[in-house]
Amino acid sequence: MTNHSDSHGLIQWHGTTIIGVKKDGKTVIAGDGQVSMGNTVMKPNARKVRRIGDGSVIAGFAGATADAFTLFERLEKKLEQHRGQLMRAAVELAKDWRTDKYLRNLEALMIVADKDVMLILTGNGDVLEPEHGIAAIGSGGNYALSAAKALTDYETDPERIARRAMAVAAEVCVFTNDRVTVETV
């Protein structure tokens, strides 16, 4: 996988699209299933969005798969240590991710959410709460983000917004496919 920085300095991964939509007390994270190596599709049905901890937190990742699993495990431990408080667990994970010799080499971005908060986590130590309840990462992230922003004034259901935004990203981004996994809290 290759990466580059966007205009905000965040690393954008080529090989996936993850979107989070929070609206009317419901949060959805959706992700495509394509794993690419260069110009080759290695796997069309990877599961990049999942429930973690006791199931009250959902997370999606863009980046190296093994790195993402390591981060999921670390986040689960932080959730246990901080009694399920996602914001506290995310801040502690971000600190470790930035300062730990092993973790700081992990190449991934995450969107995580519970019933109260949705966050983007980066290896730079960032814990970002997205504006207007929409977050997107990955190579098709900007396409999905734009589509979701356009849809949010006309659509009330965050799952429908996320699915439609993912469909737009899959049509435009060659590193994104239409095999979507969706989780809701």
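Inside the stretch 118-139, residues that are assigned to a loop (DSSP other than H, G, I, E, B), surrounded by 21 or more Cβ atoms within 10 Å (Cβ to Cβ) and at positive phi make up a count of 0.
Pairing residues of the stretch 153-169 that are farther than 18 Å from G60 by Cα with residues that are in a helix (DSSP H, G or I), at Cβ distances under 6 Å and at least 6 apart in sequence or on separate chains, gives E155/I161; V168/Y143; V168/A147. Inspection of the stretch 140-160 identifies at least one residue that is under 18 Å from M110 (Cα atoms) and in contact with a Cys (Cβ under 7 Å, 6 or more places away or on another chain). Condition check for A89 on (1) of a type in the set (G, A, S); (2) modelled with pLDDT of 95 or more; (3) loosely packed, with under 15 Cβ neighbours inside 10 Å: one failure, at (3). The single condition from (1) in contact (Cβ under 8 Å) with a residue 40 or more places away in the chain; (2) assigned to a helix (DSSP H, G or I) that E76 fails is (1). Residues in the stretch 140-166 that are under 13 Å from G31 (Cβ atoms), of a type outside the set (D, E, K, R) and part of a helix (DSSP H, G or I) were compared, and the one that is nearest to the chain's Cα centre (by Cα) is G141. Filtering the stretch 40-67 down to residues that are without any contact (Cβ under 8 Å) to a residue 24 or more places away in the chain and not aliphatic (A, V, I, L, M), which residue is nearest to A90 (Cα to Cα)? Across the stretch 40-67, the extreme among qualifying residues is G55.
Picking from residues in the stretch 58-86 that are of a type in the set (A, V, I, L, M, F, W, C) and farther than 21 Å from E129 by Cβ, the one that is surrounded by the most Cβ atoms within 10 Å (Cβ to Cβ) is A64.
The values are calculated or read from the model by the stated rules, or taken from the named source; none is laboratory data. This one's a predicted model, so the numbers in the text were calculated from it and none came from an experiment. Reconstructed Cβ throughout: ideal geometry from the backbone, glycine too, with neighbour counts over all protein chains shown.
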